[in-house]
Amino acid sequence: MSSEDRSSRRVQVDNYDLDDVLPVEGLAAIDPGTNVLISGGRMLGKDRLALELLAAGTDDQAIAVTPDTAGSRLREDFASVAGQLDPLRVVDCTGASGSGSFDDTDDVKYVTSPGDLTGIGMGIVKCTREMGESVDDGLRLAVLSLSTLLQYSDPDRVFNFLHTVTGRVSAADYLGIATLDPGAHDPKDVNTLTSQFDVVVELREADEVGREARVLGHHESPRTWQPL
Amino acid sequence: MTATEEPVVLVVEDEPDVGETYELWLAGDYEVRRASTGTEALEALDEDVDVVLLDRMLPGMSGEAVLSELRDRGHDVQVAMVTAVDPDFDIVEMGFDAYVTKPPTRETLLETITDLLERRERTDRVREYRALLSKRAALEGGKSGTELVESDAYDELEERIAALEDDLEADEDRLLEDSEFVGALRDFEESD
C-alpha cells in the first residue's frame, strides 16, 4: 500500500493485569498478544467474566463487539463491573438501535447486522483510530459472543473473521477475549474455532461451589478444575 | 486466476496517455485491460479480473460510484483507487482496498498490485488452514489416540497445519495496517 496509509499502533505493555478475576495459579497477568477464549454453557456468567477481564486493566482501553446487547446497555454493565464507564467503546452489531439512530457516537459504533463481519472490522478500526496514542498503555478487545455470530454467518466465515481479529490482537499486542457456548454448535466447528486461541478458560457447573473453571494452554497454570 | 495465466489488471483511466503509461509498466507481468469511463469499466469487469486500478475523478460516473456498483455485484476483486486528491479521506470507510497517489511511479504501482494479489493468496491460505483443521477434528473425533499416533496421514496433516500456521503468523504484522485488516475481512466475505 502507499506510504500514507494509516497503521494502527502496537501496544507498549509488559503484560495485562488480570487482578483476581480468575483465581487460578499463574493467571494474575497474561502476555500481550494473547487470545483468550471463555468456553462454557448458558447461565455460567461467560459475559460477566469477559467484562471483568476487560475491566481488570484500569488504565487500559477496551473494545467490546456485541451482537447480543445494545451498546449503551453493555456500557452500563461494564460500569457496574469496572466502577467506571470511560475506557469501554462498543461495536454494537445487534442491528437494533435503542436510540433509534445508527449514527456512531464517541463510545458506540453501529453495524447494521451481526452478519456484517467486514462492518464489525471497520467498527474496531474506528475505535482504535479514535483512541490514538492511548492504546499504547494497553487495549483489550472482546467479542461477545462467537455463538451469536455463528447464528448469522457460516462457521467458515466466522473462522475467517476470527483468524483476522486474533491475528490483529497478536500483531498489535492487544489482549483478545471471546466467549463461546460449545454445546450449541457442531463439535468440529467448536474444535476449529477453539484452536485459534492461545488460552481457553472452560467453565462448568459444580454442585457445591456453583461453578468451576479450568485453564488450558497457559503453561504457568494447572489444568485442573478449580472453584470460581 | 489460474497458476499458468497472468493476473488480469483492469486500468480505468480517462486520460489516454496516462492509461497507456500504466499499461506499458504492467504489460510484462500482467494481462492489462483498459477502460476510460465507469460504464466501460463495469462492462470490462468479469470473473477473470484480479485487480482494478480505478481513477477517482472520472467523467460521468465517479470512481466511488463504480466501486459501489462492483461491490454490489459481489465481484471478488481488489480495487486500488488512483487519486490526485490529497488523500485526507478514509479509504477504509470508502471500501477501497488500497490507494495510489497520482501521478504514481512505476515502482509504487507495481508494488501496490503485488500487495493486493498477496492479500488474496493469504485469504486462500486461511481457507486451506481451516479445511485442514476441520479434517484433523474429524479424524480426532473418529479414532482412538493410539490409532492416531500410528497414522502417517495424521502426521502429515499435523505437519501441514504447523507449516501453514508458521506461514500465516509470519505475515501477521500486516494486520496492523487498517486497510489490510478490513481488506482481509472483506476478501473473505466477497469470495465465499
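The values are calculated or read from the model by the stated rules, or taken from the named source; none is laboratory data. Just so it is clear, the structure is predicted and the values come from calculations on it, not from any experiment. Cβ coordinates were reconstructed from backbone atoms using ideal geometry, including for glycine residues, and neighbour counts include every protein chain displayed.
Quick notes on this structure:
- Test result for A:Gly176, among the small types (Gly, Ala, Ser), closer than 27 Å to B:Arg125 by Cβ and more than 10 Å from chain B (Cβ to nearest Cβ): yes
- Pair list, Cβ under 6 Å, 6 or more apart: region A:151-164 residue facing chain B (nearest Cβ under 9 Å), other residue among the aliphatic types (A, V, I, L, M) and part of a helix (DSSP H, G or I): A:Asn160/B:Val126; A:Phe161/A:Leu117; A:His163/B:Val126; A:Thr164/B:Ala184; A:Thr164/B:Leu185
- Residues of region B:96-112 satisfying the condition of being within 11 Å of chain A (Cβ to nearest Cβ), part of a helix (DSSP H, G or I) and of a type in the set (A, V, I, L, M, F, W, C): B:Leu109
- Test for A:Val65: is it crowded, with 23+ Cβ neighbours inside 10 Å, assigned to a strand (DSSP E or B) and out of contact with any Ser or Thr (no Cβ under 9 Å at 6 or more places or on another chain): yes
- Of all the criteria given as (1) in contact (Cβ under 8 Å) with a residue 24 or more places away in the chain; (2) within 12 Å of chain B (Cβ to nearest Cβ); (3) over 13 Å from the mean Cα position of the chain (by Cα); (4) not in a loop (DSSP other than H, G, I, E, B), the one not satisfied by A:Asn191 is (1).
- With respect to (1) modelled with pLDDT of 95 or more; (2) crowded, with 24+ Cβ neighbours inside 10 Å; (3) closer than 27 Å to A:Ala29 by Cβ, the lone exception for A:Cys127 is condition (1).
- Taking the criterion of being over 25 Å from B:Arg174 (Cβ atoms) and in contact with a Ser or Thr (Cβ under 8 Å, 6 or more places away or on another chain), the residues of region A:156-188 that qualify are A:Thr179, A:Leu180, A:Asp181, A:Pro182, A:Ala184, A:His185, A:Lys188.
- Residue within region B:148-163 that is within 10 Å of chain A (Cβ to nearest Cβ) and either within 15 Å of the chain's Cα centre (by Cα) or of a type in the set (Lys, Arg) (or both) present: no
- Residue in region B:178-186 that is surrounded by 20 or more Cβ atoms within 10 Å (Cβ to Cβ), touching a helix residue (DSSP H, G or I) at 6+ places or on another chain (Cβ under 6 Å), of a type in the set (Phe, Trp, Tyr) and modelled with pLDDT of 90 or more present: yes
- Residue tally, condition within 30 Å of A:Asp17 (Cα to Cα), of a type in the set (A, V, I, L, M) and surrounded by fewer than 23 Cβ atoms within 10 Å (Cβ to Cβ), over region A:163-195: 2
- A:Leu146 vs. criteria within 21 Å of A:Leu175 (Cβ to Cβ), at pLDDT 95 or above and within 14 Å of another protein chain (Cβ to nearest Cβ): no
- Tally, over region A:206-226, of residues that are under 16 Å from A:Ala28 (Cα atoms) and outside any loop (DSSP other than H, G, I, E, B): 5
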